[in-house]
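Student: After the structure tokens below, expect a handful of questions from me.
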Amino acid sequence: MRLGGGIEKKYNSPEEWVSFAKDLRYSAVLCPVDSGSDAATRKDYLKAAKEADLLIGEVGVWKNCLSTDDAERKTAMDYAKAQLALSDEMGANCCVNIMGSQNAQSWDGFSLDNYSQDFYALAVDSVREIIDAVKPTYTFYSIEPMPWCVPDSPEQYLKLLKDVDRKAFAVHLDFVNMINCPERYCRSTDFIQHCFDLLGPYIKSIHGKDVFMEQAYTTLIHETMPGKGTLDYQKIVGMVEKLGPDTPLFVEHLSDYETYRTAVNYVRSQAEKAGVRVL
């Protein structure tokens, strides 16, 4: 398996970017440029990544392609198409976005409308439109699961794969985002194994976080960094390893460079204890 995360330091050249990634002991990286960058810059960063044996695991979108605002939705869809094309150019494992939301105040917020049949139909059509516009030959478009939006379970992700019906549509796995109820929390190892069992052949990239639930009312489940919650990372890295040596796991949502170092070192230590090789 490969391991990576954010950097949270400004870099001014491919060489500096690589030096930070290597210092953090990353073997996988998030794409360092976006679709607005010039061709020469993209080429230089891709060359640097290949020479340093850094796998570009993800190109992010992070826009609301299902916004109720037509102008916002069009802008998001155009950007998603551009980022998917960039992902193909950069040889990334996948281009990833969340499905989006009908929440008028928050691009990734919860809404009753997120559970409607119309929302689901629009979600399927939107993914198809993005893929069909780009026709990627290497990379895959993928959706990060969310606690309150399609897909919020591995079963729903399987249904989404079937309904979209595009070879270039695959899975980005964020198991923590789907631990959205007490039973999944209490049975976290079994639930995560279930995610890998159902979705394994389609997984292109994984987010590695941790989770803890307060003994408080009503239900308060919090995301945290690996090692600060209750998830069994020795078992998790074993699940990742079975997907192949170039499967990336990315730690995320951390505040600074040194916190990323701490989180990655923790995951590496758990992999060592489990006998799992991290490139």
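The values are calculated or read from the model by the stated rules, or taken from the named source; none is laboratory data. Source: prediction; values computed, not measured. Here the Cβ is made from the backbone with ideal geometry for all residues, glycine too, and neighbour counts use every protein chain on show. Heads up: the accessible areas ignore ligands, DNA and RNA and are worked out on the full protein's heavy atoms, side chains in. Shrake-Rupley method; radii C 1.70, N 1.55, O 1.52, S 1.80 Å.
Student: Determine if the range 181-188 includes at least one residue that is assigned to a loop (DSSP other than H, G, I, E, B), modelled with pLDDT of 95 or more and under 29 Å from residue 210 (Cβ atoms).
Tutor: Quick first cut of the range 181-188, residues assigned to a loop (DSSP other than H, G, I, E, B) only: 181, 187.
This time we only want the ones that are modelled with pLDDT of 95 or more, so: 181, 187.
From what's left, under 29 Å from residue 210 (Cβ atoms): 181, 187.
Yes.
Student: If you don't mind, there's one more thing I want to ask. Residue 48 - would you say it is over 18 Å from the mean Cα position of the chain (by Cα), aliphatic (A, V, I, L, M), open to solvent by 20 Å² or more (accessible area, probe 1.4 Å) and modelled with pLDDT of 95 or more? Steps first, please.
Tutor: Working: over 18 Å from the mean Cα position of the chain (by Cα): yes; aliphatic (A, V, I, L, M): yes; open to solvent by 20 Å² or more (accessible area, probe 1.4 Å): no; modelled with pLDDT of 95 or more: yes.
So residue 48 fails the test.
Student: Residue by residue through the range 181-199, note down the ones that are surrounded by fewer than 18 Cβ atoms within 10 Å (Cβ to Cβ), in contact (Cβ under 8 Å) with a residue 24 or more places away in the chain and in contact with a strand residue (DSSP E or B) (Cβ under 9 Å, 6 or more places away or on another chain).
Tutor: Result: 181, 182.
Student: Could you tell me how many of the residues in the range 14-31 are more than 14 Å from residue 55 (Cβ to Cβ), among the polar types (S, T, N, Q) and either touching a residue at least 24 places away in the same chain (Cβ under 8 Å) or part of a strand (DSSP E or B) (or both)?
Tutor: Total meeting the criteria: 0.
Student: Find all pairs meeting these conditions: Cβ atoms under 7 angstrom apart; at least six residues apart or on different chains; first residue within the range 148-172 and surrounded by fewer than 18 Cβ atoms within 10 Å (Cβ to Cβ); second residue assigned to a loop (DSSP other than H, G, I, E, B).
Tutor: Listed pairs, sorted by first residue: 148/110; 156/150.
Student: Sticking with this one: So which of 138, 115 is farther than 30 Å from residue 45 by Cβ, aromatic (Phe, Trp, Tyr) and open to solvent by 10 Å² or more (accessible area, probe 1.4 Å)?
Tutor: Values: 138 fails: farther than 30 Å from residue 45 by Cβ.
Checking each option against the conditions leaves just 115.
Student: Still on this model: Looking at 104, 121, 216, 133, which one is free of Cβ contacts under 8 Å to residues at least 60 places away in the same chain, touching a Lys or Arg at 6+ places or on another chain (Cβ under 8 Å) and open to solvent by 10 Å² or more (accessible area, probe 1.4 Å)? First the steps, then the outcome.
Tutor: Values: 104 fails: touching a Lys or Arg at 6+ places or on another chain (Cβ under 8 Å); 121 fails: touching a Lys or Arg at 6+ places or on another chain (Cβ under 8 Å); 216 fails: touching a Lys or Arg at 6+ places or on another chain (Cβ under 8 Å).
None of the other options fit; the residue is 133.
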